[in-house]
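Asks: I am attaching a structure below and will ask some questions about it afterwards.
The values are calculated or read from the model by the stated rules, or taken from the named source; none is laboratory data. Please read these numbers as outputs of a predicted model, since none were measured by experiment. Here the Cβ positions follow ideal geometry from the backbone for every residue, glycine too, while neighbour counts run over all protein chains shown. All accessible areas refer to the heavy atoms of the entire protein, side chains included, with ligands and DNA or RNA removed. Shrake-Rupley method; radii C 1.70, N 1.55, O 1.52, S 1.80 Å.
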Amino acid sequence: RAAHGPTSVQLESLLMQIPACDEAALRWAAADAFEIAAARERPPSTQLMRRAMEAFNSALAFRDWASAERYYRSALENVEAIPEPALRDRLTIGLRSRRILQLAQRGDTDEAVQLAMPLKAEFDAEYLRIGRITPVQAGGFWAALSHAQRLGGRAADAEQTAQTFLDRCLVTMKTGPGGVCDQRALAVLALARLDLGRIAEAQAAVEQRL
């Protein structure tokens, strides 16, 4: 940092290469890259939005809720750099999906489920239109929603969400490459069934993953 200076684009980029070799470094590398971008960019900035999203993901992975909240708010502030609402919404789907998980993990389960509902409606309509689950959905939305429902005491809703996730994964796997998400869906379904006390069915879902 002394050699490059506090606003170096090159150092910022190098920092985000480190976790490829050392995953544990993601905890500080993403945060440092964000601080460099924040020192250089004037909000709203797409680059600062990108770094805020990366730092949010890192803070979430390490259960640092206070930092995650800061990065989430920065990402929302900087997404305003994108003038087209449709593109803005598209680029923040992953952020909003992981926000559901963050809220659920810190105990705000009702808020998490409420946040998920517009996304669920969007994904339901998308599935009816294209007949397959997209990588963005497979990457975390359905698991996050089911998790929030479970933590909020809505085990039946959580099971229904997990079953929807699994059903759409299985259909997608038949339509072409890139749709393999059934193992994650089965794990989510098993957890919901455990909460419902249906241990044998939960075990069957686990065995189906093997």
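Asks: Just need a number here: residues in region 1-15 that are open to solvent by 40 Å² or more (accessible area, probe 1.4 Å) and among the aliphatic types (A, V, I, L, M).
Replies: Here the count works out to 4.
Asks: Of everything in region 28-44, what is open to solvent by less than 10 Å² (accessible area, probe 1.4 Å) and either within 18 Å of residue 82 (Cβ to Cβ) or not in a helix (DSSP H, G or I) (or both)? Give them in sequence order.
Replies: Residue satisfying the conditions is 37 alone.
Asks: Return the pair list, or none, for Cβ contacts closer than 9 Å from residues in region 108-129 that are open to solvent by less than 20 Å² (accessible area, probe 1.4 Å) to residues that are of a type in the set (Asp, Glu), at least 6 apart or on different chains.
Replies: 113/157
Asks: Evaluate region 60-81: report whether one residue or more is over 24 Å from residue 106 (Cβ atoms) and part of a helix (DSSP H, G or I).
Replies: yes
Asks: Test residue 22 against the criterion of being crowded, with 17+ Cβ neighbours inside 10 Å and among the acidic types (Asp, Glu), and give yes or no.
Replies: No: the conditions fail for residue 22.
Asks: Take the residues in region 130-153 that are open to solvent by 30 Å² or more (accessible area, probe 1.4 Å) and within 18 Å of the chain's Cα centre (by Cα); name whichever of them is farthest from residue 183 (Cα to Cα).
Replies: Top of the filtered list is 151.
Asks: What about residue 98, is it closer than 14 Å to residue 144 by Cβ and open to solvent by 60 Å² or more (accessible area, probe 1.4 Å)? Give the steps one after another, and end with the answer.
Replies: Details: closer than 14 Å to residue 144 by Cβ: yes; open to solvent by 60 Å² or more (accessible area, probe 1.4 Å): yes.
For residue 98, the condition - closer than 14 Å to residue 144 by Cβ and open to solvent by 60 Å² or more (accessible area, probe 1.4 Å) - is met.
Asks: Which condition number does residue 50 fail, the rest of (1) open to solvent by 50 Å² or more (accessible area, probe 1.4 Å); (2) assigned to a helix (DSSP H, G or I); (3) farther than 26 Å from residue 82 by Cα being met?
Replies: All conditions pass for residue 50, except number (3).
Asks: In region 154-189, what count of residues is obtained for those that are surrounded by fewer than 22 Cβ atoms within 10 Å (Cβ to Cβ), of a type in the set (Gly, Ala, Ser) and either without any contact (Cβ under 8 Å) to a residue 12 or more places away in the chain or not in a loop (DSSP other than H, G, I, E, B) (or both)?
Replies: Qualifying residue count for the region: 3.
Asks: Hey, another quick one. Need the failing condition index for residue 68 against (1) open to solvent by less than 10 Å² (accessible area, probe 1.4 Å); (2) more than 23 Å from residue 184 (Cα to Cα); (3) touching an Asp or Glu at 6+ places or on another chain (Cβ under 9 Å), just the number.
Replies: Single failed check for residue 68: (3).
Asks: Out of curiosity, is residue 86 open to solvent by 70 Å² or more (accessible area, probe 1.4 Å) and either part of a helix (DSSP H, G or I) or aromatic (Phe, Trp, Tyr) (or both)?
Replies: So residue 86 passes the test.
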